[in-house]
Amino acid sequence: MKIKRFFAKDMRTGIRQVREALGADAVILSNQKVVGGIEIVAAIDYDEALLAAEESATRTSLLDTAPAGEPSVNQLSEDIVSLSHPSSARQAYVPPVEAPRDSEIPRPEMPAEPPVETLPREAAPKTRVEPAVEWSQDPTLQQMKNELKDLRGLLEQQLSSLAWSDLSHRNPKQAKLIRCLLELGLSPALCQQVAEEVGNGHEDFDNVWRHALAWLASRLPLDTADSLDGGGVVALVGATGVGKTTTIAKLAARYALRHGRDKVALITTDGYRIAAHEQLRTYGRILNIPVRIANTREELSEALKLLADKELILIDTAGMSQRDVRLSEQFSMISDSAAAIRTYLVLSTTTHRAGLREVVNAFKEVKLDGCILTKLDETTSLGGAIATLMENKLPVAYMSDGQRVPEDIHIARAHTLVNRAVLVAQQTSQALEQESLNLAFSGMVANAHG
């Protein structure tokens, strides 16, 4: 154990000297007021057993030498205060200090003494440890944390406003490009990436805008071929109300017109919704296509065997929320099937970008071969869907923009999807307010700094 004595004008300065000299693991053994300030005795490599033995010996010697009735001023504190772990600190006892006598010589401040090596002594019985105080649950500290969090949010908002104003003055063309991309509904991170790629390469903003749209189209993941034209077993999965059953009917009618009605069949596993089977049966009667029902894994395998002579088998799964605990049952029914089933995720473009991201993350548990975008005729923004596809590298195979069967389903084209996103933004006049721009730009700054 290494012991040092420190002199300072106040306790705060003394604590700082102890930390700088001995480090954060040092402990305070005693403290007392002296003329000109305060005296602190601190140690490192502290052994409580050695301290107890030393304290006992010191008190014995003081009792033998001190006059009767006169209290000792060199008593050690009964508890040890840790500098590095305040949550485990015990209440420290500070002994009373007598007023200085006239005969005493004032003790000036002096630098810390070099560490004194003490010889180990026989271990004494450990004193009883007081219950530790959980400082992290202290109401005052929690209130301070909340206030600091609020202050940080206000500061970030102010800084983002200043950063956006600085960019608008320093590079107005890039700022205008970011604003236009945000109005499409794209994520702030994607807008920043596009602006860095094409924002400084051309003098005319119209050329910059065209190059930005071309950049988006070139990086949009696509399933360029007609995925279902070659047949096979295909399952459509997705959340509730995204249009899976209608999309199944469109794909079946499209294939039947090209290859014949006897080449395609339908299977439904939706046993949760009322009359869910009847909707698909109605489409089957209209198209003159066989429809089978499978509520279990065994029934699905049996239905696939019965329809083995069909070139294309489309499976309509139950629509469930991305947070539904029964979602794993649908995944296991598809993945455990003996047949090789290709799975496509159906996404509604009317869903907000955050919701689309959550849906994709939830349905990634089953291997996705691609996706189908629906309700393009109802959406007010296509940027969220484009950003989600690019972030997850999920290829889009088909786009659906109406209720007509099979006219309103088309093979996905990158330039068509990007141009439609621009057209939707122009029709809905999605001009962003200054506050929204500041918030979006603050997200860009946070992403840039990790």
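Mean projection of the alpha-carbon convex hull of segment 232-412 over all orientations, in nm²? Don't jump to the answer; show the numbers that get you there.
Working: hull surface 37.5 nm².
For the Cα atoms of segment 232-412, the hull's average projected area reads 9.4 nm².
Determine the sum of side-chain charges near residue 223: Lys and Arg each +1, Asp and Glu each -1, restricted to other residues whose C-beta is under 14 angstrom from that of residue 223. Provide the component values of the computation, followed by the final result.
Numbers: positive: 342, 393, 413; negative: 226, 229, 369.
After counting each charged neighbour, the total is 0.
Using 0.36 nm per residue of separation minus the Cα-Cα distance, give me the extension gain between residue 9 and residue 323 in nm, one decimal.
106.9 nm
In segment 232-412, what percentage of the DSSP-assigned beta bridges are antiparallel, given to the nearest 5?
Values: 3 of 29 bridges.
Approximately 10 percent, going by the DSSP bridge assignments.
Bear in mind these aren't lab numbers, they're just calculated from the coordinates by the rules spelled out. The model shown is predicted, which means the values in this text are computed figures rather than measured ones. Cβ: placed from backbone, ideal geometry, glycine included. Neighbour counts: every protein chain shown.
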